[in-house]
Amino acid sequence: MTTTLADCRARDAQDPLRALRDLFTLPEGVVYLDGNSLGPLPRATPERVAQVVREEWGQGLIRSWNTAGWFEQPRRQGDRIATLIGAEPGEVVATDSTSINLFKVLSAALASVAADAPARRTVLSERSNFPTDLYIAESLCRDRGFRLVLLEEDEIPHALRDDTAVLMLTHVNYRTGAMHDMAALTARAHAAGALVVWDLAHSAGAVEVDLTRADADYAVGCGYKYLNGGPGAPAFAWVHPRHADRFWQPLAGWWGHAQPFAFTPDYQPAPGSARYLCGTQGILGLAALECGLDTVLAAEPLGGMPALRRKSLALTDLFIALVEERCAGHGLDLATPREHARRGSQVCLTRNDGAYAIVQALIARGVIGDFRAGRPDILRFGCTPLYLRFEDVWHAVEQLRLVLVEEEWRRPEFHQAQAVT
Ligand SMILES: *Cc1c(COP(=O)(O)O)cnc(C)c1O
């Protein structure tokens, strides 16, 4: 039985999360399928940021560190992120970028292994991991005398051995949307005596995560993807309490000091995750992140992350079914796992040629997804349940069909390379 636009509209009418879309300012005539790369603008953000600038900064001046709670912001927003990833209050800080936080937690993990099990000299990761994660690991391994080994997904379990120091993985793959079994891999790594660092960039706010139940060691994640914090928003870092007080992180700045306003000449790390703060935090960015988190936490009374996850799977299931019904015979293959337990919140398609131009032609038609180069090239469509409607998925696939049927993507203007893809 084929799916019609009317079917999709009927599903939207019954969607318990449908009101959340109103929390965003989405441009007219756009179907936004790139919330996995940059979440859209929450309706509340412009006024809130303007208020922080005009009132808290303009009128409150330096007093606002206390009176407006600026100093507490990284921890306060960290506590709110904690509820989305199965962490406890006080365990997460919102700060810096994902790359920098990964540097800090991986460094602490390596220091911990160097102290407890100095014979373990190998860091394992996945070849298809997001490059910045691999570059940060490469640089730390060079610096500390560890060896970075890159694996294919199916090689990971067998590669965990008595020389493994750390397994560093991204939970949901940025290219394919494939999701690892966090609890199973963490248990396997621990059984081999290794620590595990998880990158939640494509997980936080998109899929259910329970770091505590998985017994993970360290985690980082991104503020500007599914958390809608705006371009370059503060990211986050989590450390399991069993490790938090044992090691310094390498960027020992004054905000991570136990008593920053004692101004002592020597460093005394703050207890717990607070030591993962370095210097003075970007308060404007934290204000925007707060508004982004408001949009995700607005789902709490409607079922929270489990409800968002249910809708996300329904949207990606629909996307896959419609592509197979309506775009068959056009050389598209599915790169995202069909199995729910292995799928994040995006649908990735591959095609031997023209993937870049197809994405450009879709953008010209108001359907914003993105392209990721590789072998094969990928067309990537993020499905964010906070604002995406079933009807939007129908329109997106219909535009994709038209671009393919009319071979619109062959037009030269869709082949011009842009600086950011
Ligand atoms: C998006 C993403 C990042 C981004 O890192 P930045 O420091 O914000 O540039 C890092 N790692 C993964 C896996 C990502 O998906």
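The values are calculated or read from the model by the stated rules, or taken from the named source; none is laboratory data. Everything quoted here is computed from the prediction, not taken from an experiment. So basically every Cβ, Gly included, is an ideal-geometry build from the backbone, and we count neighbours across all protein chains shown. Just the protein is used for accessible areas: all its heavy atoms, side chains included, with ligands, DNA and RNA removed. Shrake-Rupley method; radii C 1.70, N 1.55, O 1.52, S 1.80 Å.
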Check your understanding: Quick check, is residue 299 modelled with pLDDT under 95 and touching a helix residue (DSSP H, G or I) at 6+ places or on another chain (Cβ under 8 Å)?
Key -> no
Point to revise | From the options 247, 261, 236, residue that is touching a helix residue (DSSP H, G or I) at 6+ places or on another chain (Cβ under 6 Å), away from the ligand (no atom under 16 Å from the Cβ) and either open to solvent by less than 40 Å² (accessible area, probe 1.4 Å) or not in a loop (DSSP other than H, G, I, E, B) (or both) | key: 247
Study note, to complete from the structure: Taking the stretch 1-34 and keeping only residues that are basic (Lys, Arg) and open to solvent by 60 Å² or more (accessible area, probe 1.4 Å), one is left with 9, 11, 18
Check your understanding: Among (1) on the phi < 0 side of the Ramachandran plot; (2) in contact (Cβ under 8 Å) with a residue 40 or more places away in the chain, which single condition is residue 366 missing?
Key -> (1)
Exercise for review: Run down 231, 271 and say which single residue is farther than 17 Å from residue 166 by Cα, more than 16 Å from the ligand (Cβ to nearest atom) and not aromatic (Phe, Trp, Tyr).
Suggested key: 271
Exercise for review: Could you tell me whether residue 381 is over 21 Å from residue 203 (Cβ atoms) and aromatic (Phe, Trp, Tyr)?
Suggested key: no
Study note, to complete from the structure: Counted residues in the stretch 135-150 being of a type in the set (A, V, I, L, M) and more than 11 Å from residue 124 (Cβ to Cβ) come to 2
Check your understanding: When both residues are 6+ apart or on different chains and their Cβ atoms are under 7 Å apart, which pairs have a first residue that lies in the stretch 299-328 and is farther than 22 Å from residue 80 by Cβ and of a type in the set (Phe, Trp, Tyr), and a second that is part of a helix (DSSP H, G or I) and open to solvent by less than 20 Å² (accessible area, probe 1.4 Å)?
Key -> 319/393; 319/397
Exercise for review: Considering only the stretch 157-205, state which residues are of a type in the set (Gly, Ala, Ser) and over 18 Å from residue 343 (Cα atoms).
Suggested key: 159, 165, 187, 189, 191, 192, 193, 194
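Identify all residues within the stretch 95-133 that are of a type in the set (Gly, Ala, Ser) and either open to solvent by 10 Å² or more (accessible area, probe 1.4 Å) or within 10 Å of the ligand (Cβ to nearest atom) (or both); write none if there are none. Reasoning before the result, please.
The initial filter retains those residues of the stretch 95-133 that are of a type in the set (Gly, Ala, Ser), namely 97, 99, 107-109, 111-112, 114-115, 117, 119, 125, 128.
Within the stretch 95-133, 97, 99, 111, 114, 115, 117, 119, 128 meet the criteria.
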Review point. Do we find that residue 143 is charged (D, E, K, R) and either within 15 Å of the ligand (Cβ to nearest atom) or under 24 Å from residue 305 (Cβ atoms) (or both) in this structure?
Key: no
Exercise for review: Could you pull out the residue among 201, 219, 178 that is in contact with a Cys (Cβ under 6 Å, 6 or more places away or on another chain) and within 13 Å of the ligand (Cβ to nearest atom)?
Suggested key: 201
Study note, to complete from the structure: Cβ pairs under 9 Å, 6+ apart or interchain, first in the stretch 167-184 and open to solvent by 20 Å² or more (accessible area, probe 1.4 Å), second small (Gly, Ala, Ser) and near the ligand (Cβ under 9 Å from one of its atoms), ordered by first then second residue, are 174/37; 174/201
Point to revise | Qualifying residue in the stretch 174-186 (condition: closer than 18 Å to residue 99 by Cα and of a type outside the set (Ser, Thr, Tyr)) | key: yes
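Yes/no matrix, rows are residues, columns are (1) crowded, with 23+ Cβ neighbours inside 10 Å; (2) away from the ligand (no atom under 16 Å from the Cβ); (3) basic (Lys, Arg):
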residue: 36; (1), (2), (3): yes, no, no
residue: 49; (1), (2), (3): no, yes, no
residue: 78; (1), (2), (3): yes, yes, no
residue: 88; (1), (2), (3): no, yes, no
